[in-house]
1. Using a Gaussian network model of the chain with C-alpha springs under 10 Å, which one of Q137, Q175, Q82 is most mobile by mean-square fluctuation?
2. Using a Gaussian network model on the chain with a 10 Å cutoff between Cα atoms, which of V240, V61, V27 fluctuates the most?
3. Using only Cα atoms, what Kirkwood radius does the stretch 1-136 have, in angstroms?
4. Please give the charge dipole size of the chain, origin at the Cα centre, charges +1 on K and R Cβ atoms and -1 on D and E Cβ atoms. Round to the nearest 20 debye.
5. Rounding to the nearest 20 debye, state how big the charge dipole of the stretch 3-147 is about its Cα centre with +1 on each Lys and Arg Cβ and -1 on each Asp and Glu Cβ.
6. Please list, by residue number, everything in the stretch 49-63 whose backbone N is under 14 Å from a paramagnetic label point 7 Å out along Cα→Cβ of Y14.
7. Once amide H atoms are placed 1.01 Å from N in the peptide plane, what residues at a sequence separation of 5 or more from E31, or on another chain, have their amide H within under 5 Å of its amide H?
8. Please build a GNM for the chain, connecting alpha carbons under 10 Å apart, and tell me which residue among D212, D16, D220 fluctuates the most.
Amino acid sequence: MKNIIEVENLSKKYGDKIAVDSISFTVKKGEVFGILGPNGAGKTTTMEMMEAMRPIDSGSVLIDGIDVAKHPNKIKKIVGVQLQSSAFYDKVTLIDSLKMFASFYGQKVDPMELLEEVNLIEKARAFPEKLSGGQRQRFSIATALVNRPKVLFLDEPTTGLDPQARRNMWELIEQIKAKHITVILTSHYMEEAQRLCDRLAIMDEGKIIALDSPDKMIKDLLGRGFKPKRTIEQADLEDVYIDLTGKELRE
């Protein structure tokens with residue numbers, strides 16, 4: 001599979017602080033690629049430079065062969081962006097909001113088809129102000145898909161969601177991947193990253209300190225003599241919660 005994203009020596013400074021320190025990586029077409037790290041590690045800044053939302057100080061990003069710094073408008077036509085916090089017109093229905101977002105790209109969409117993809121058909125004529133947190137996140141992804149992007153950026157898409165909504169979001173991301181859309185995501189949930197990501201980069205203090213598949217990272221850790229502090233069970237408390245309360249969304 002060919003690379004759809006090539007990042008080389010990417011850097012960003014804010015005054016004397018180095019937010020992103022000459023990082024390099026590639027992402028294959030159709031891959032789910034995770035960027036993990038503690039707060040302040042440089043994850044969001046990296047994403048924003050890749051999305052052409054923040055100027056690049058040095059280095060380069062190519063998406064589908066297009067230089068982000070030189071052709072930001074071309075990049076914005078082929079990527080979709082779901083932010084940690086999105087703002088919508090509260091008195092515009094979901095259907096009309098999707099038509100409006102599509103118009104920004106000079107395209108027409110079938111709003112009901114998009115809403116079905118994100119499990120929001122029943123909210124088609126509702127206003128964004130009436131959506132729950134999980135519904136709002138899913139609608140945000142729908143708006144990011146109006147231009148049928150080649151690459152979808154998801155910045156902590158499940159933060160603040162309850163277990164059912166989070167599992168539903170995971171399934172949605174897997175469905176998006178099945179359509180051969182490349183997904184770049186950040187997350188603070190390690191279980192989420194392990195389940196969804198084909199490969200991931202772990203960042204700290206602006207640098208990439210590890211880059212591989214989740215399974216390979218775990219195998220390498222065990223190979224260094226790591227011993228877990230407790231027995232790893234085949235299920236966890238979240239599985240118990242889902243089993244007892246049901247998997248279906250209640251939003």
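The values are calculated or read from the model by the stated rules, or taken from the named source; none is laboratory data. Since the structure is predicted, the reported quantities are computational estimates derived from the model, not experimental observations. Note that we place each Cβ from the backbone using ideal geometry, even for glycine, and neighbour counts take in every protein chain shown. Ligands, DNA and RNA are stripped out before the accessible areas are found, and what is left, the full protein with its side chains, is counted by its heavy atoms. Shrake-Rupley method; radii C 1.70, N 1.55, O 1.52, S 1.80 Å.
1. Q175
2. V240
3. Hydrodynamic radius (Kirkwood, Cα pairs) of the stretch 1-136 is 17.1 Å.
4. I would put it at about 540 debye.
5. 260
6. So the set is 49, 54-55.
7. V183
8. Sorting by GNM fluctuation, first place goes to D16.
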